[in-house]
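Only one structure is covered here, and it is reproduced in the block below.
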Protein chains: 4
Amino acid sequence: MAEEAWGRWGPDDERGALNLIGPEQVRRAASLVRTGRPISLAQPISDRLLVPSHRHKVMHFMGRDGGDYAAGSRRPGGFQFAEDTVVLPLHTGTHIDALCHAWYGDKLYNGFSGNSVRSTSGAGHCGIDKFPPIVTRGVLLDLVGLGGGPLAPSEIVGRAQVEAALERAGLRLEPGDAVLVRTGWLEAQQPGEQADFNREPGLDLEAALFLAEAGVAVVGADNFAVEVLPFAEGTVFPVHQRLIRDFGIPLIEGLVLKPLAEAGATAFLFVAAPLPVTGGTGSPLNPVAVL
Amino acid sequence: MAEEAWGRWGPDDERGALNLIGPEQVRRAASLVRTGRPISLAQPISDRLLVPSHRHKVMHFMGRDGGDYAAGSRRPGGFQFAEDTVVLPLHTGTHIDALCHAWYGDKLYNGFSGNSVRSTSGAGHCGIDKFPPIVTRGVLLDLVGLGGGPLAPSEIVGRAQVEAALERAGLRLEPGDAVLVRTGWLEAQQPGEQADFNREPGLDLEAALFLAEAGVAVVGADNFAVEVLPFAEGTVFPVHQRLIRDFGIPLIEGLVLKPLAEAGATAFLFVAAPLPVTGGTGSPLNPVAVL
Amino acid sequence: MAEEAWGRWGPDDERGALNLIGPEQVRRAASLVRTGRPISLAQPISDRLLVPSHRHKVMHFMGRDGGDYAAGSRRPGGFQFAEDTVVLPLHTGTHIDALCHAWYGDKLYNGFSGNSVRSTSGAGHCGIDKFPPIVTRGVLLDLVGLGGGPLAPSEIVGRAQVEAALERAGLRLEPGDAVLVRTGWLEAQQPGEQADFNREPGLDLEAALFLAEAGVAVVGADNFAVEVLPFAEGTVFPVHQRLIRDFGIPLIEGLVLKPLAEAGATAFLFVAAPLPVTGGTGSPLNPVAVL
Amino acid sequence: MAEEAWGRWGPDDERGALNLIGPEQVRRAASLVRTGRPISLAQPISDRLLVPSHRHKVMHFMGRDGGDYAAGSRRPGGFQFAEDTVVLPLHTGTHIDALCHAWYGDKLYNGFSGNSVRSTSGAGHCGIDKFPPIVTRGVLLDLVGLGGGPLAPSEIVGRAQVEAALERAGLRLEPGDAVLVRTGWLEAQQPGEQADFNREPGLDLEAALFLAEAGVAVVGADNFAVEVLPFAEGTVFPVHQRLIRDFGIPLIEGLVLKPLAEAGATAFLFVAAPLPVTGGTGSPLNPVAVL
């Protein structure tokens, strides 16, 4: 009933379901490349990113720029340059959750203590730095295509919808897949308007468990939390609790999936390499689909 | 003699030599996958990263962690989570330079004005957000393997060395390649000791121009600046000036190349997707070689 | 008609009207202490501070805290401690503007070039680090008390209102005074509601010039910009332009003045010591009135 | 033997020894003003501040500056401005420790639980926001003047030295005093050289307890930790543990005291107003002595 993947890859494992991606899965994924077209699935990173009001916004500061030269800065040997710094909340925009991001019962994935995640050094276990680069088959579940438009706020993507989307794509899930769920939430947002983060379409727990039991390595979506909001009565982030902590499956949030759907992609080479922030709970990400 | 690539891909181009990676190059790269082993080429990101003393260090802050629950924080619905923020100088650790990072004569690549790079909005032209994901053939130039050990401080990697390394690998450069130069600088650093950023082995201008004229799309290295330091008399960052600004070739710095060499890799699928920071002058990067 | 104070304290002066506070003004101010009650005039600093939507919010990060010890962190010699870092936009909450904060015609106060304010090193001239601590007589202009309630959005505080408030307080302005204007704007804001920064009561230019010509050293207010918004037709921050750049008078914004008024204060010892950020354009401030 | 001040000002008190500064102390302090000369006791804030290698450095970023206008930024209504942001570790440079900064036995000053200090909201008790502005008599203990030069690294300032310095100044301690100890450490540092934070002159525990029992409200010094380093055998920050947690006495570190000594000051009006960072463990400070 719980902790399904604990111990499956040994007591010290911190990679979780990413272990399901072996050499065979990588080779199979690479063999899917047909047209040779890479597509970025990331939102631009700026202070205009959609974030809930309780979350920090990105800050971007220039430490040196063209204006400084216009104002008279020296250019030894003719050389001019610009550099900058971002203040970057790691769960902002398009990002992946590390296995230390969500848990319950004071235990992280694979039984590591929640106490190993501290202010002083970040996550001693299951940090984002423990993930290998993700190179596997990506599978697009296009609920927008299936339904003829973006899902409604709070609309549930249940197991039936997942199966219908798979059938529409002519695909069966295979172990190690990265499943990307297009709900239409992100593309339905209007520039300049505050997004409603409390009512978004997404997976319910049954659908998420269906994916987990099929052996997927990663679940991503084009919404804020992968899972539907509000949650089912009496639960709080149930998909996060079960997939991340019990199955060791990382979630990718905030994906840009419309261009992928418009390109007609269903299964493709998927590459996503998180920044290895030591002890980090996640990472902004620029995932790539190669068609 | 200069501005070799300006106008080559139109007056509005901000991708530079990445245009040399077309569908054919992507397909060829994907076809190089043999064993199905992805290798990360990135350094871990933490405040222990090697940075010159005049550069900012990374800061990593936990906004919520396991300690807070140990101290009594509420866990509605059982849910526990951790989140964090990094203060991230964009030219730190393993990173890629955008085409707005370096220039001379007040003109960026393709003739854009240096004045378009400002504090208020970052780079109006040639920002890192203008780069597509990079999916191409990677070629390892293993100078360490060639010479039997890490190059000496300030040792020049000239055209002859580049050609010898290519010959040793049994490779010829092709348009769109990502060339990765292993000098041994990074792996020669000792933990806890201050690195000497002023004396590092690297490419001289002749070698860099040889690569540029061969049509490579990207040049990376395992050192701080790709190019040799100190610079040739009377010049300051000549390889940055010429490759970035005149040829539109992005540089990748701080690569971890020893594991790649130890795996015997010479040509491989190379995937690197910068974070699309709007107006950013570069991006930390977790480049992936897939063998 | 302009640049009234330029050269008045020498060509190198970067203190502006703060020069009007001499030893006599300091002694006179100290002699105003009657009851021995210090009152802070500062808003708390947190991410709940009122800021316009285009401005960054404060971030506050704990680097070590009690939760870490609860989770098991070592306590050598029994010692436990907590430490933290803020990301602090300098014009947030209760703060003072340096003389490099606002200008026109490419010239700062006293004729320094605007080009001396750069990304690389901050303000080469007229930075907040050039200000001495401010110790002088504070004078409260209580427009709320005068009018029987907070001023309306966009209500002008003109010269007549300033003179009426002075008369009500039984005071005459003296050189070196710090004049604090209570409009009621801040105290009229409701917790949890977005403040309207585009329509606030404040000084018009005539009133500001009246204060400047009376020889005040500092002008503060309990609103966002000291001056009324929207500005008079065809002008943009006219009070900032004239007082800061032409008279060298720093502005203090976001003051908490209700407790001061409720204590019946009219003239008092005023002490405000900006953080000497090298090249900073302003500083958060905890000004103190001592009654 | 411990927790001397707990309960003294009620079970809810979070001001500690600052309660010893009442109206009478404020009035007495104001009456000490003679020449009308304010002296700042703060170090400039920049990335050149002396910090131990394990602590973060200050970052200062310009969000808009004169260079942007030189590069062509618009100036509506002629208005030009500059603004900036600092990343500011709160225990950097000249700063004051809040009562939640140091403790032992899992209990803060006055018995509050260490668990109330968390990543999520900072210090729920004894944060720097709980301090009133400090306006009291400052007393300079000039050990440099007493000894004819800066104290040696690790030289102990014991009770005898404190009493000798008081006698030399012709002063007796009174309740509510702010005692400032000049060891010469800061002024002995050489620009560009790494300071030795592990060997500094400062108070030993006996001297600190002597001050505490005399009823001082605040203890400051011109060194990094007020107390001598290394600590007495078997102890870690004993002065922090006892003064902050047991007596509720805040410490001020990194003071610039040479100008004060050179002005011949011994007792003076001392004003220090921390930034009221909600839940902060300390604050950078620009303390002012008014002679």
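Give, as residue ranges, the strands (runs of 3 or more DSSP E) completely inside the range A:29-96 that count at least 1 residues that are within 25 Å of D:Ala82 (Cβ to Cβ) and either open to solvent by 10 Å² or more (accessible area, probe 1.4 Å) or touching a residue at least 24 places away in the same chain (Cβ under 8 Å) (or both).
Here the list reads A:59-64, A:83-89.
Does the range C:133-185 hold any residues that are among the hydroxyl-bearing types (Ser, Thr, Tyr), assigned to a loop (DSSP other than H, G, I, E, B) and touching a Gly at 6+ places or on another chain (Cβ under 7 Å), and which are they?
C:Thr183
Could you tell me how many of the residues in the range C:55-74 are over 30 Å from C:His91 (Cβ atoms) and of a type in the set (Asp, Glu)?
So the count comes out to 1.
When the residues of the range A:185-212 are filtered to those that are touching an Asp or Glu at 6+ places or on another chain (Cβ under 8 Å) and touching a residue at least 60 places away in the same chain (Cβ under 8 Å), which remaining residue is surrounded by the most Cβ atoms within 10 Å (Cβ to Cβ)?
Once the filter is applied, the top-ranked residue is A:Leu186.
Collect the residues in the range C:235-252 that are open to solvent by 10 Å² or more (accessible area, probe 1.4 Å) and among the charged types (D, E, K, R), keeping them in residue-number order.
The one that is open to solvent by 10 Å² or more (accessible area, probe 1.4 Å) and among the charged types (D, E, K, R): C:Arg242.
I'm checking my understanding of the structure. Among residues of the range D:22-76 that are in contact with a Pro (Cβ under 8 Å, 6 or more places away or on another chain) and over 30 Å from D:Leu140 (Cβ atoms), which one is modelled with the lowest pLDDT?
Top of the filtered list is D:His56.
Looking at A:Ala225, A:Ala232, can you tell me which residue is within 14 Å of chain B (Cβ to nearest Cβ), under 26 Å from A:Ser53 (Cβ atoms), open to solvent by less than 10 Å² (accessible area, probe 1.4 Å) and in a loop (DSSP other than H, G, I, E, B)?
When all the criteria are applied, what remains is A:Ala225.
Output yes when any residue across the range C:81-94 is more than 8 Å from every other protein chain (Cβ to nearest Cβ) and either farther than 30 Å from D:His240 by Cβ or out of contact with any Gly (no Cβ under 6 Å at 6 or more places or on another chain) (or both), and no when none is.
Yes: the range C:81-94 contains one or more residues that are more than 8 Å from every other protein chain (Cβ to nearest Cβ) and either farther than 30 Å from D:His240 by Cβ or out of contact with any Gly (no Cβ under 6 Å at 6 or more places or on another chain) (or both).
Check B:Pro133 against each of (1) modelled with pLDDT under 95; (2) closer than 30 Å to A:Ala225 by Cα; (3) open to solvent by less than 30 Å² (accessible area, probe 1.4 Å) and name the one condition it does not meet.
Unmet condition: (1).
Looking at the range B:97-122, which of its residues are of a type outside the set (D, E, K, R), under 19 Å from the mean Cα position of the chain (by Cα) and in a strand (DSSP E or B)?
Result: B:Ala102, B:Trp103.
Restricting attention to the range B:163-170, does a residue exist that is surrounded by fewer than 17 Cβ atoms within 10 Å (Cβ to Cβ), in the same structural domain as B:Val271 (by TED's automatic domain parsing) and within 25 Å of B:Val26 (Cβ to Cβ)?
Checked the range B:163-170: at least one residue is surrounded by fewer than 17 Cβ atoms within 10 Å (Cβ to Cβ), in the same structural domain as B:Val271 (by TED's automatic domain parsing) and within 25 Å of B:Val26 (Cβ to Cβ).
Which count do you get for residues in the range C:245-264 that are within 12 Å of the chain's Cα centre (by Cα) and within 11 Å of chain D (Cβ to nearest Cβ)?
Within the range C:245-264, residues that are within 12 Å of the chain's Cα centre (by Cα) and within 11 Å of chain D (Cβ to nearest Cβ) number 1.
Restricting attention to the range A:239-254, which residues are closer than 20 Å to A:Arg182 by Cβ and either small (Gly, Ala, Ser) or not in a strand (DSSP E or B) (or both)?
Of everything in the range A:239-254, those that are closer than 20 Å to A:Arg182 by Cβ and either small (Gly, Ala, Ser) or not in a strand (DSSP E or B) (or both) turn out to be A:Val239, A:His240, A:Leu243, A:Ile249, A:Pro250, A:Gly254.
Quick check on B:Arg159: is it surrounded by fewer than 23 Cβ atoms within 10 Å (Cβ to Cβ), more than 16 Å from B:Gly264 (Cα to Cα) and free of Cβ contacts under 8 Å to residues at least 40 places away in the same chain?
It is false that B:Arg159 is surrounded by fewer than 23 Cβ atoms within 10 Å (Cβ to Cβ), more than 16 Å from B:Gly264 (Cα to Cα) and free of Cβ contacts under 8 Å to residues at least 40 places away in the same chain.
Just to be sure I understand the filter: pairs with C-beta atoms under 6 Å, separated by 6 or more residues or on different chains, first member in the range D:265-278 and facing chain C (nearest Cβ under 8 Å), second member aromatic (Phe, Trp, Tyr). Which pairs pass?
D:Pro274/D:Phe131
Does A:Leu186 meet the test of being within 18 Å of A:Leu41 (Cα to Cα) and at pLDDT 95 or above?
So A:Leu186 fits the description; yes.
For C:Cys100, all conditions in the list (1) more than 7 Å from chain D (Cβ to nearest Cβ); (2) out of contact with any helix residue (DSSP H, G or I) (no Cβ under 7 Å at 6 or more places or on another chain); (3) open to solvent by less than 10 Å² (accessible area, probe 1.4 Å) hold save one; what is the number of the exception?
Every condition holds for C:Cys100 apart from (1).
Look through the range A:7-28, keep the residues that are in contact (Cβ under 8 Å) with a residue 12 or more places away in the chain and closer than 29 Å to B:Pro23 by Cα, and return whichever of them is farthest from the other protein chains (Cβ to nearest Cβ).
So the residue we want is A:Leu18.
Just wondering, is there one or more residues in the range B:121-129 that are on the phi < 0 side of the Ramachandran plot, in contact with a helix residue (DSSP H, G or I) (Cβ under 8 Å, 6 or more places away or on another chain) and open to solvent by 20 Å² or more (accessible area, probe 1.4 Å)?
Within the range B:121-129 (the criterion being on the phi < 0 side of the Ramachandran plot, in contact with a helix residue (DSSP H, G or I) (Cβ under 8 Å, 6 or more places away or on another chain) and open to solvent by 20 Å² or more (accessible area, probe 1.4 Å)), the answer is yes, since at least one residue qualifies.
B:Gly105 is checked against (1) surrounded by fewer than 24 Cβ atoms within 10 Å (Cβ to Cβ); (2) touching a residue at least 40 places away in the same chain (Cβ under 8 Å); (3) over 19 Å from B:Phe270 (Cα atoms) and fails just one. What number does that condition carry?
For B:Gly105, the failing item is (2).
State whether the residues of the range A:255-277 include one that is open to solvent by less than 10 Å² (accessible area, probe 1.4 Å), farther than 23 Å from B:Asp129 by Cβ and assigned to a loop (DSSP other than H, G, I, E, B).
No, the range A:255-277 contains no residue that is open to solvent by less than 10 Å² (accessible area, probe 1.4 Å), farther than 23 Å from B:Asp129 by Cβ and assigned to a loop (DSSP other than H, G, I, E, B).
Of all residues in the range C:1-41, which are more than 26 Å from C:His95 (Cβ to Cβ) and in contact with a Lys or Arg (Cβ under 7 Å, 6 or more places away or on another chain)?
If the condition is that a residue be more than 26 Å from C:His95 (Cβ to Cβ) and in contact with a Lys or Arg (Cβ under 7 Å, 6 or more places away or on another chain), then C:Pro23, C:Arg28, C:Gly36 are the ones that fit.
The values are calculated or read from the model by the stated rules, or taken from the named source; none is laboratory data. Keep in mind it's a predicted model, so treat the numbers as computed, not measured. Positions of Cβ are generated from backbone atoms using ideal geometry, with glycine treated the same way; all protein chains shown enter the neighbour counts. Just the protein is used for accessible areas: all its heavy atoms, side chains included, with ligands, DNA and RNA removed. Shrake-Rupley method; radii C 1.70, N 1.55, O 1.52, S 1.80 Å.
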